[in-house]
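Step one of this worksheet: look at the structure below.
The values are calculated or read from the model by the stated rules, or taken from the named source; none is laboratory data. In this text, all values refer to a predicted model and were calculated from it rather than measured experimentally. For neighbour counting, all protein chains shown are included, and Cβ atoms are generated from backbone atoms with ideal geometry for every residue, glycine included.
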Amino acid sequence: MECERCKEVIGKGEEREHHGQILCEDCYMDLLSPARTCDPWAVHSAQTFAKKSGGSLELTEIQTKILEIVQEAGGLEPGVIVERLQIKPADLERDVAALRHMEKIRGELRQGKKFLIPW
């Protein structure tokens, strides 16, 4: 069986149904709990955790790579980052939301296109 959203192969018994679509677990979770980059409570929580942990928050390996790529380039379109890291757009969106909450990365429009830039 194949996920109707991302086209990944789904193991028997692993499929999820949502509004008539057969989905893998990742796509199902993305639809039920989408990433939200603009979330004041998440920003507040990240700042509180940073203060309690001595001013730094631990990043995942992918978040570290995203941050490094964006800092080196001074800003990139999300699609370029997806291609460089060979990750799903939904995974990038979720990691960018976390980095945004930590105030490490933000979005900017350049010539009508969305760019991710360092905070």
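Scan segment 99-117 and report the pairs whose first residue is closer than 26 Å to Glu58 by Cα and whose second residue is of a type in the set (Gly, Ala, Ser) and assigned to a helix (DSSP H, G or I), with Cβ atoms within less than 7 Å and a gap of 6+ or a chain change.
Correct list of pairs: His101/Ala42; His101/Ala46; Met102/Ala46.
Looking at (1) hydroxyl-bearing (Ser, Thr, Tyr); (2) closer than 20 Å to Cys3 by Cα; (3) modelled with pLDDT of 85 or more, which is the one condition that is false for Ser33?
(3)
Kindly indicate whether Cys24 is touching a residue at least 40 places away in the same chain (Cβ under 8 Å) and in contact with a Cys (Cβ under 7 Å, 6 or more places away or on another chain).
No; evaluated as a whole, the condition is false for this residue.
When you look at Glu58, is it loosely packed, with under 11 Cβ neighbours inside 10 Å, modelled with pLDDT of 95 or more and assigned by TED's automatic domain parsing to the domain that holds His101, yes or no?
Answer is no for this residue.
Looking at Glu14, is it within 21 Å of Pro118 (Cα to Cα), surrounded by fewer than 14 Cβ atoms within 10 Å (Cβ to Cβ) and of a type outside the set (Ser, Thr, Tyr)?
Judged against the criteria, Glu14 is not a match.
Looking at segment 84-96, can you tell me whether even one residue there is β-branched (Val, Ile, Thr), in contact (Cβ under 8 Å) with a residue 12 or more places away in the chain, buried (at least 16 other Cβ atoms within 10 Å of the Cβ) and in a helix (DSSP H, G or I)?
yes
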